[in-house]
Amino acid sequence: MNRIKGILYAAVSSSTFGLAPFFSITLLMIGFSAFEVLSYRWGVASIVLTVLGLFSGCNFRLSVKDFKVVFGLSLLRAITSFSLIIAYQNIASGVASTIHFMYPLVVALAMMFFFREKKSLWVLFAVLISLLGAALLSLGELDANNGNAMVGLVAACVSVFSYAGYIIGVRTTRAVRINSTVLTCYVMGLGTLFYLIGAFTTSGFRLVTDGYIWLIILGLALPATAISNITLVQAIKYAGPTLTSILGAMEPLTAVVIGVFVFEEFFTVNSVIGIILILIAVSLVVFRKQKN
């Protein structure tokens with residue numbers, strides 16, 4: 001029964017996170033800047049998660065050393081979200097989300113070559129498969145709204161490395177001892193501050209009074225951010241990290257479906273094969289971790 005619960009939580013987590021491109025692109029099409037979209041997304045989500053953390057009795061006090069580590073991690077997480085937004089503006093959202101899903105491969109490589117984890121030919125083979133998949137994706141129709149495909153691809157790749165750096169930082173620094181809810185709240189709160197600074201120093205920040213736009217913001221901040229994070233924790237608790245990671249493949253698949261049917265993004269046979277290869281590569285790495 002607990003395993004079924006975990007599977008359901010994992011499915012909800014990955015599918016709701018896969019809604020992020022839909023709400024983000026909708027706000028961008030309305031005229032919001034990337035900084036404004038992320039300010040509202042992380043701001044509302046951090047408030048909700050902080051309230052839940054307080055009700056669950058979390059201690060939000062951090063030492064100076066812990067705060068320095070969290071500050072660095074929040075920078076990496078902020079770069080991840082910002083680069084993904086830039087990718088959504090320039091290439092198909094399904095392609096951007098699929099490329100971003102390659103981050104477990106970067107984590108595995110970094111842990112092998114920089115943290116002395118046992119080297120594995122399976123991981124190297126998976127990396128080659130994923131690179132082939134990424135190459136096939138780049139051969140498809142990438143442009144979104146007359147964007148720059150090269151800028152979009154570079155931004156998606158930046159999101160892979162920054163998110164991998166965030167995960168490695170959480171695993172290998174003092175952050176590993178911090179309550180996950182507390183860590184997430186600080187990361188989101190500091191990220192909101194970074195995005196607000198970016199907004200006020202560039203195109204400005206608008207206060208939303210329109211009810212329809214607030215529904216889009218709440219869709220981005222609650223299902224695609226707060227709920228996906230909460231259910232992720234529950235999925236790991238009941239189903240374990242391996243199964244949760246595999247079911248995380250629903251995230252890019254959800255983005256692909258929405259991109260094709262809502263934003264009329266064009267997908268070729270090469271794109272489909274590329275996505276499948278990347279999902280296989282990530283699954284190989286996850287199964288290798290389970291075996292170890």
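The values are calculated or read from the model by the stated rules, or taken from the named source; none is laboratory data. Everything numeric in this text was worked out from a predicted model, so none of it was measured. Remember, those area values only see protein heavy atoms, side chains included, never the ligands or the DNA or RNA. Shrake-Rupley method; radii C 1.70, N 1.55, O 1.52, S 1.80 Å.
Quickly estimate the mean residue ellipticity at 222 nm for the chain, helices only: each DSSP H run with n ≥ 4 gives -39500 (n - 2.57), and the total goes over all residues, rounded to 500. So the helix-based figure for the chain works out to -25500 deg cm²/dmol. In plain terms, the C-alpha convex hull of segment 40-97 casts an average shadow of 5.2 nm² when viewed from every direction. Considering all different alpha carbon pairs of segment 87-128, the Kirkwood hydrodynamic radius works out to 11.6 Å. For segment 1-106, with all protein chains present and a 1.4 Å probe, just round the carbon and sulfur fraction of the accessible area to a whole percent. That fraction is 71 percent. For Leu84, Leu131, the ranking by accessible surface with the largest value first comes to Leu131, Leu84, using a 1.4 Å probe. Measuring with a 1.4 angstrom probe and ignoring ligands and nucleic acids, Thr172 comes out at about 60 Å² accessible.
Please report the orientation-averaged projected area of the chain, defined via the convex hull of its C-alpha atoms, in nm².
On the way: hull surface 62.6 nm².
That works out to 15.7 nm², a quarter of the Cα hull's surface.
Take Leu232: with every protein chain present and a 1.4 Å probe, its accessible area is about 70 Å².
Counting only heavy atoms of protein chains, what accessible area per residue, in Å², does the chain have with a probe of 1.4 Å?
Details: 14230 Å² over 292 residues.
With all protein chains present, the chain gives 49 Å² per residue.
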